[in-house]
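Undergrad: I have a structure I would like to understand better, so I am pasting it below and will then ask my questions one at a time.
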Amino acid sequence: MKTSGERRSAARSLALGTLLFLPSGALLGGCHHGPELSESADQLRADTRAMLSSGAARLGPPGARPRVLLDALRPCAGGRARRLFRAEVPLRPSADREVLLDQATDLSLSTITARGYRLEAPPRGRSRRVFTMTHDVPAVTVTVRLRSGRRPAMRLDASTPCLATS
């Protein structure tokens, strides 16, 4: 049977060993030094897909489908990278161009704000309308460009900042 001094000594040794083990175990398990590109790229893909499909279904001509113009990974300094995405969906022509732009603006804003984005500046323009929305975590920026006229369209330019690739 151990004396109380031996039990305290054993308890101190166990506690010290646990303290020494946890930091090294945490280091071996990997440290997270900030957001990674995969998180922001996943957010970008999900949110642009939602906006484009909603725009095509509610404001596009019958059978309208989004067209991807750019989906690229671009290198940045320090071994980091950023995702760039551009796509467009045609909108139904309308006799009243401003009404079409108002409808497309409302749809875009409601879809993207419901996904956690905030408006950087109010939409502007009469025959063309542009506004930018940002999502903080994970970081994504989406610029919406709406065009009326003979070939009305909704165009999205989305990007992530330069982030670690894993």
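Undergrad: Just to verify a result, which residue in the range 42-59, among those that are under 15 Å from residue 110 (Cβ atoms) and under 19 Å from the mean Cα position of the chain (by Cα), is surrounded by the most Cβ atoms within 10 Å (Cβ to Cβ)? Quick ask: steps written out before the conclusion?
TA: Within the range 42-59, the subset under 15 Å from residue 110 (Cβ atoms) is 47, 50-55, 57-59.
Applying the additional criterion that residues be under 19 Å from the mean Cα position of the chain (by Cα) yields 47, 50-55.
Numbers: 47: 23, 50: 14, 51: 25, 52: 23, 53: 15, 54: 18, 55: 27.
Looking at residues that are under 15 Å from residue 110 (Cβ atoms) and under 19 Å from the mean Cα position of the chain (by Cα), I get 55.
Undergrad: Look at the range 120-144 and say how many of its residues are open to solvent by 20 Å² or more (accessible area, probe 1.4 Å), more than 20 Å from residue 74 (Cβ to Cβ) and not β-branched (Val, Ile, Thr).
TA: 11
Undergrad: Name every residue in the range 60-77 that is open to solvent by less than 80 Å² (accessible area, probe 1.4 Å), farther than 13 Å from residue 155 by Cα and either acidic (Asp, Glu) or not in a strand (DSSP E or B) (or both), in order of residue number.
TA: Residues satisfying the conditions are 61, 63, 64, 76.
The values are calculated or read from the model by the stated rules, or taken from the named source; none is laboratory data. Just so it is clear, the structure is predicted and the values come from calculations on it, not from any experiment. As a convention, Cβ positions derive from the backbone with ideal geometry for all residues, glycine included, and neighbour counts pool all protein chains shown. Only protein heavy atoms, including side chains, enter the accessible area calculation; ligands, DNA and RNA are left aside. Shrake-Rupley method; radii C 1.70, N 1.55, O 1.52, S 1.80 Å.
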